[in-house]
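See below for the structure under consideration.
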Amino acid sequence: MGHRTLRATARAAGLALLMSVAHGAPPAGAATATITLPERRRAADFRLASLNGGTLDLAELRARGPVVVDFWATWCKPCLMALPELNRLHERNAARGLTVVGVSVDGPRNFSKVRSFANRLRLGFPVAIDRDESLQQLYQVKAFPTTFLIAPDGRIAWTRQGYLPGDGEALARAVEALLDTTAVDTIP
Amino acid sequence: MIVAEARAQVTVSNIVEAQAGNRPFAEFFGQPTNPTSIYDELNAELALSGVRLGFRYESLDNSRQTNTYRTFTQRYADWTASGLHVRVGDFYTILGRGLTMRAFELPGVVLQDAVTGRRSSFSRELDGVRVDADGRFGSVRAFSAQDASSTQSGGQAMLGPWRGAGVGATYVRLSSGAGGANSQEFGSGFVQWDPSQTWSGAPVALPLYAEYAQANRSASEWWRFERGDAVPHALYVGSEALWGPFALSAEWKDYRDFRTGINDPPSLVREHAFPLPNRATHVLNAVSEHGVQLEGSWAVPDWGTVTVNHSRADGTPSGRALHFEESYFETHLAAARWPTVEATLFFDRDIDTFVQIAGREIYGVSLTGRFLGPWSSTLDLEKLDAERSAVFGPSIGFTDQVATLQVARSGWGTLAYLWQRTTDPDEEDPDLFGGDVEPRVYRAWNASALIGQSHTVQLFVGERRGGPACTAGTCYEVAPFKGAELRLISRF
């Protein structure tokens, strides 16, 4: 870590603090469900702007049920095969509380094509762009696609790096198990 | 019942890559043969109630004991609370669409120097402090960083009180020399608007983004939107139109003397997933380039997709008029009637005098079939015919061919055989210089296996063709290699 310009730091912090004053109260997103999963890593909460408007807040999404977070890109060939399977998973289980979130890891070269790409594949789930790579870093994603299934209590229940035809079925089984478990153990 | 929050958590990811083999023609170039090396990239992070502490540690060891290193290449502390995010140490960031600033990495990409063999992660981070604040009416991002030779500082402010609309500005200052004697300033203004968000229920989505940047000019000069050759500038406009199964994206660029070393403006060139068009892509020259890109797609219900793309650019980076133009067609067939079979066909035609390509055609097909439940097989066939202008004498024609056959089992991994052949004289065996060009053939086996949910192991055995490759919009050089390479990617 090198030397930093204190004046610039203070200026940056001041500007940011000024903006934070205008910020409203944080959303209430604490999950109220408990499920019996083995102790595993907890998914870091995040907020991302969806390309269709609105905010994707993991804590809020988890309050509704399990969440699938898929890191993909328009240039990634396996992603092209995986996304339709995720879309079918979304169509089958959205009403049961599952949320699928597509996080595009495209660079500025492709920002203007991400919505078109999602439209071409008729994706019904929300898509966001991780413009500054902060989410990739937070989840330590090193290959694409990488998919996380996050339980309502915030624990990562299932992970997959890469995609092979048929992987969607394994994810569907994990989702089904989680939905069943949640249904049994959830305390309203 | 409220689930108890984890008090502290450590997250670790690791990439280890071991090589045993040679740079092709090592003996010819007088280099040691059969070296072995091992590269490791370790990322670790401790998260504790809104605070995260992390580092990246990289190391390279080899049998020659040259260019070896073991060092922390990133360290950071991160604090997040209710719309405010502060990071001290190494960080990435982007301002606007990257016209004035983009610090980033290509996750999973390990660069290798073709001559020295030195390997490292592809990372262009800044070292300093970054502050982000998101509010109801907009957002602010500010940073200050320093490296061995210069100081970079700047930020972005965006006002967006209206749903789907926003207006903002970015500013970057680079200082170097004693007391910051040498400095450059870059500034941009941008506007974005998505009418379908402003008026919900609109049948057509039409998001629009426009950004204009200048270098070393005052704010009053910025307003003139000058785009002459004498004014360093960058103009980017992008829009999409989405209507039912149809989508159209249109982009326009005009860059002049805007290759700053810390920016990454959109190139307006299609990024291809297939190997041959991916390595043959046009690389943006922001010194002088203006042009457009149009891409249209149609999602054919129960059949697949059709995509067409056309891009062109002109420029005079060295005083001579240069031209790039590419047309691309792709159809992806995934019929609902035959769910176990998928096929993609593509055709690409381009001319790129920026790199002396007088004409080039690439076509290919990819077929995937599923059988016996979790098993699947993919066959890729591609061919490239190109003509390269020569400084003296007639132009040179060459052909590239690629064939890949992969067998995969869901949950286990893959086994693939890769075959490439080229008649490009630039890649001819140096022992065979003179006379007719002898084709080069590259053969390799590639296997990958999943070990639980935390590890992926990949084994490459054979000869890898060197040259350009693009990942996540960024192009870089892949070093040629002949031998065996074992890679293990882990996440805990």
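Every read-out reported here was derived from the displayed coordinates using simple, explicitly stated rules and does not represent laboratory data. Predicted model, so just to flag it, every value in this text is computed and none were measured. Methodologically, a virtual Cβ is constructed for each residue, glycine included, from the backbone with ideal geometry; neighbour enumeration extends over all protein chains shown.
Annotation: the residues B:Ser410, B:Ser454, B:Ser318, sorted from fewest to most other C-beta atoms within 10 Å of their own C-beta, follow the order B:Ser318, B:Ser454, B:Ser410.
Check each of the chymotrypsin sites (Phe, Trp or Tyr not before Pro) in the stretch B:205-239 and keep only those in coil by DSSP with at most 14 other C-beta atoms within 10 angstrom; list them in order. It would help to have the intermediate numbers written out before the result.
On the way: sites: B:Tyr209, B:Tyr212, B:Trp222, B:Trp223, B:Phe225, B:Tyr236; in loops: B:Trp223, B:Phe225.
Passing sites in the stretch B:205-239 are B:Trp223, B:Phe225.
The smallest convex shape that holds all Cα atoms of the stretch A:64-148, its convex hull, gives 86 Å³ per residue.
Report the relative contact order of the stretch B:66-191, percent, no decimals, based on alpha-carbon pairs under 8 angstrom and at least 6 residues apart.
Working: 264 pairs, mean separation 22.5, N = 126.
The value is 18 percent.
For A:Lys77, the lysines whose Cα comes closer than 22 Å to its Cα, not counting residues fewer than 8 places off in the same chain, are A:Lys113, A:Lys142, B:Lys383.
Diffusion of the stretch A:141-185 by Stokes-Einstein, at 25 °C in a medium of 0.890 mPa s and with Rh set to the Kirkwood radius over alpha-carbon pairs, works out to 218 µm²/s. For the peptide B:293-306, the mean number of other protein chain Cβ atoms found within 10 angstrom of a residue's Cβ is 2. Applying both filters, DSSP loop and at most 10 other Cβ atoms within 10 Å, to the trypsin sites (Lys or Arg not before Pro) of the stretch B:416-492 eliminates every site.
As a test of understanding, state the convex hull volume per residue of the protein assembly as shown from its alpha carbons, in Å³.
Details: hull volume 112.0 nm³, N = 680.
In the protein assembly as shown, the Cα convex hull volume per residue is 165 Å³.
Show me the three semi-axes of the equivalent ellipsoid for the stretch B:18-80, from the C-alpha gyration tensor (sqrt of 5 times each eigenvalue), largest first, rounded to whole Å. Before the final figure, lay out each step's value.
Values: eigenvalues 286, 17, 14 Å².
Ellipsoid semi-axes (Å, largest first): 38, 9, 8.
Each principal axis of the stretch B:73-143 carries a Cα extent, and these read 51, 27, 19 Å when sorted largest first.
With both bridge residues required to lie in the stretch A:77-180, what share of the DSSP beta bridges run antiparallel, to the nearest 5%?
Values: 5 of 8 bridges.
Roughly 60 percent of the beta bridges in the stretch A:77-180 run antiparallel, per DSSP.
In percent, rounded to a whole number, the relative contact order of chain B is 10, using alpha-carbon pairs under 8 Å and six or more apart. For chain B, the orientation-averaged shadow of the C-alpha convex hull comes to 28.7 nm² (one quarter of the hull surface).
Using 0.36 nm per residue, how much length does the chain from B:Ala20 to B:Asp302 gain when fully extended, once their Cα-Cα distance is taken away?
Numbers: separation 282, 0.36 × 282 = 101.52 nm, distance 4.75 nm.
Taking 0.36 nm per residue and subtracting the Cα distance, the gain is 96.8 nm.
Working note: Karplus 6.51/-1.76/1.60 with θ = phi - 60° gives the stretch B:51-58 the couplings 10, 10, 10, x, 8, 10, 10, 10 Hz, where Gly and Pro are set to x.
Taking amide H as placed 1.01 Å from N in the peptide plane, the amide H of A:Asn110 sits under 5 Å from none that are at least 5 places away or on another chain.
Taking every residue in B:136-145, how many Cβ atoms of other protein chains lie within 10 Å of its Cβ, on average? Could the numbers behind the result be given before it?
Values: counts 4, 3, 2, 4, 9, 5, 9, 4, 9, 4.
Mean number of neighbouring Cβ atoms from other chains: 5.
Arranged from fewest to most other beta-carbon atoms within 10 Å of their beta carbon, B:Thr100, A:Thr55, B:Thr11, B:Thr305 become A:Thr55, B:Thr11, B:Thr305, B:Thr100. The listed peptides B:158-167, B:36-45, ordered by packing as a protection proxy, come out as B:36-45, B:158-167 (highest mean of other Cβ atoms within 10 Å first).
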